[in-house]
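What follows is calculated from the coordinates using simple rules that are stated; it is not laboratory data. Computed from a predicted structure; not experimentally measured. So basically every Cβ, Gly included, is an ideal-geometry build from the backbone, and we count neighbours across all protein chains shown.
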Amino acid sequence: MAGLLLHNARLVLPGVDAQASLPWGALLIQDRHIAAILQSPAEIEAARGTTEAVDLEGQVLMPGLVSAHSHSYSTAARGTENSLPLEPWALYTVALGRALGDEAFRLAVLLTAAEMLRGGITGCIDHFAYAGRAELAFAAHGETGMRVALAPMLHDTPDHDLLGIALPDALRRRVEGPPRPGPAEMDALFRRLHRDWHGRDGRLLLLLGPNAPQRCSPALWTLWRNLARELDLGAHTHLLETRAQAGIGRRLFKDGVVGAMAAEGLLNERLSVAHGIWTAPNERALLAEHGVTVVHNPISNLVLGSGVLPMADYRRRGMRIALGSDGSNSGGRHDLFEVMRLAMTLPRPGIDDPADWPNAAEALGWATEGGARAMGLAGKTGRIATGYAADLTVLDLRGAARAPLVENLVSVVHYGGPDCVHAVMVGGAWVYRDGKVLGFDEDKARDRFAAVRAEILETAKPELETADEAAPYFAGLAGKAATKG
Ligand SMILES: [Zn+2]
């Protein structure tokens, strides 16, 4: 019996009672997958005799976490959060993004992966704003060992047009920057990415990544629909993140932006939408009915003052939920434990019956199976079950900050954090172990980033000045959009 036996651990199995002690047992890993879950001492002893075994005494084996909404490039913009709402904030993140060269993009992917792996995250959706560098991003993700769905962005309609903000011509040209690739170029790019990268190493996946429906012209909506069908691809998009966007949606589309997506046949189980805070009731009904996954990014939503997800209503409607850490310059750390806790507790004050509060088991489901579904991997990863990919996180809860009275799911979700992640496996291969990222040289990536950051800031200077000049035009947006809508 060739393979790897992970034994003597507490197992986070599907459907466990959040408060009951986690069951003890072992996993047999073969051919990148969980081949068997062993819970009887005799079976485990027999397996130990025939295969390589790792003793995880005192540790917890859980399914790897998934950040179903992130932007890798923003890791190169840590420390630039500026206490502005999304629309003016975006001027600055775009300015910084444009200042990044190829090496900075690669380093941002590697440092994002290092942070995620150290936080027990085995998979992510990278909603990637610079589609022209998608091949570079795929190559960097390939180095890390993580499971990644890259969603290169489609967009051609700037927010100032959507919001009716009249920028002076010269400023407008500077804000808009160099012309974007047109639909024909994007069509060719996606076909090339699909041919060269989709499914590579069994770990890399391509998704269509409309920036947001309203930021796409009718030609890009057509491209989205056609590529989804012809290349058989899922999609990931921002949706109704701010109140101003809700105003735009109502103004542009008779039945709101979600109604328009439904009419175009773009709502389905292979679509995930990040944020979804400002949906109208009819839009919520459509999303739930079509099995769309809403990716909740509670930290980013609070940092940018965007709002609070109507989670209680979404749960009543049976909405599929996943969790995201979003960009490093809006969501802070890629810490899915923190995201789980916030997602689980934010709705509680609005739900009268505590029996109906989201609990640790539900939050973990959002952060694992929910995320796997958003990546297009429902039934393939996201839980410890036979036949699922061996995407696993090993936690050590024995430190003074935990040392739980009961080793259960509550201990994992309420107290867990990157500092108790001991090891991470993706597709049966260790990618983080004993304090070391194994796929690439993390120290070198960090040192190179430190060496290039002064140059990034220098390059970004004129773009940041443009953002400073444009930001006042975006002041008081929510009010403006509301009166126009
Ligand atoms: Zn985002």
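Taking other C-beta atoms within 10 angstrom as a stand-in for reagent exposure, 383, 173 fall in the order 173, 383, fewest first. Modelled spin-label separation between residue 434 and residue 400, with each label point placed 7 Å from Cα along the Cα-to-Cβ direction: 2.6 nm.
How much mean residue ellipticity at 222 nm does the chain get from its helices, if each DSSP H run of length 4 or more adds -39500 (n - 2.57) and you divide by all residues, to the nearest 500 deg cm²/dmol?
When only DSSP H runs of four or more count, the value is -11500 deg cm²/dmol.
Each of 432, 277, 73 was scored by the projection of its Cα onto the charge dipole of the chain, and the greatest displacement toward the positive side belongs to 277; charges sit on the C-beta of Lys, Arg, Asp and Glu.
Between residue 468 and residue 443, the simple label model (points 7 Å from Cα in the Cβ direction) yields a spacing of 3.9 nm.
Measuring nothing but how far apart in sequence close Cα pairs (under 8 Å, 6+ apart) lie, relative to its length, the chain scores a relative contact order of 24 percent.
Taking the Cα centre of the chain as origin and assigning +1 to Lys and Arg Cβ atoms and -1 to Asp and Glu Cβ atoms, the resulting dipole is close to 740 debye. If you sort the three axes of the alpha carbon gyration tensor as a ≥ b ≥ c, you get a/c of 1.5 or more for the chain and a/b above b/c, which makes it prolate.
Sorting 37, 384, 125 from the fewest to the most surrounding beta carbons within 10 angstrom yields 37, 384, 125. The listed peptides 350-357, 75-82, ordered by packing as a protection proxy, come out as 75-82, 350-357 (highest mean of other Cβ atoms within 10 Å first).
Take 171, 336, 110 and order them by how many other Cβ atoms sit within 10 Å, fewest up front. Lowest to highest Cβ neighbour count: 171, 110, 336.
Under the convention that each Lys and Arg Cβ holds +1 and each Asp and Glu Cβ holds -1, the size of the dipole of region 404-458 around its Cα centre is about 100 debye.
Calculated FRET efficiency, residue 225 to residue 316, Cβ-Cβ distance, R0 = 22 Å: about 0.10 to the nearest 0.05.
Using the average count of surrounding beta-carbon atoms within 10 Å as a protection proxy, the listed peptides 189-199, 149-159, 211-221 rank, highest first, as 149-159, 211-221, 189-199. Length gained on full extension, residue 255 to residue 37: 73.6 nm, using 0.36 nm per residue less the C-alpha separation.
On the beta carbon distance between residue 282 and residue 419, with R0 = 45 Å, the FRET formula returns roughly 0.55. If R0 is 60 Å, the Cβ-Cβ spacing of residue 55 and residue 308 corresponds to a FRET efficiency of close to 0.85. For region 342-422, a crude dipole built from +1 on the beta carbon of Lys and Arg and -1 on the beta carbon of Asp and Glu, taken about the Cα centre, is about 240 debye to the nearest 20. If a spin label sat at a point 7 angstrom from the Cα of residue 351 along the line to its beta carbon, the backbone N atoms of region 366-380 nearer than 13 Å would be those of 366. Modelled spin-label separation between residue 386 and residue 17, with each label point placed 7 Å from Cα along the Cα-to-Cβ direction: 2.5 nm.
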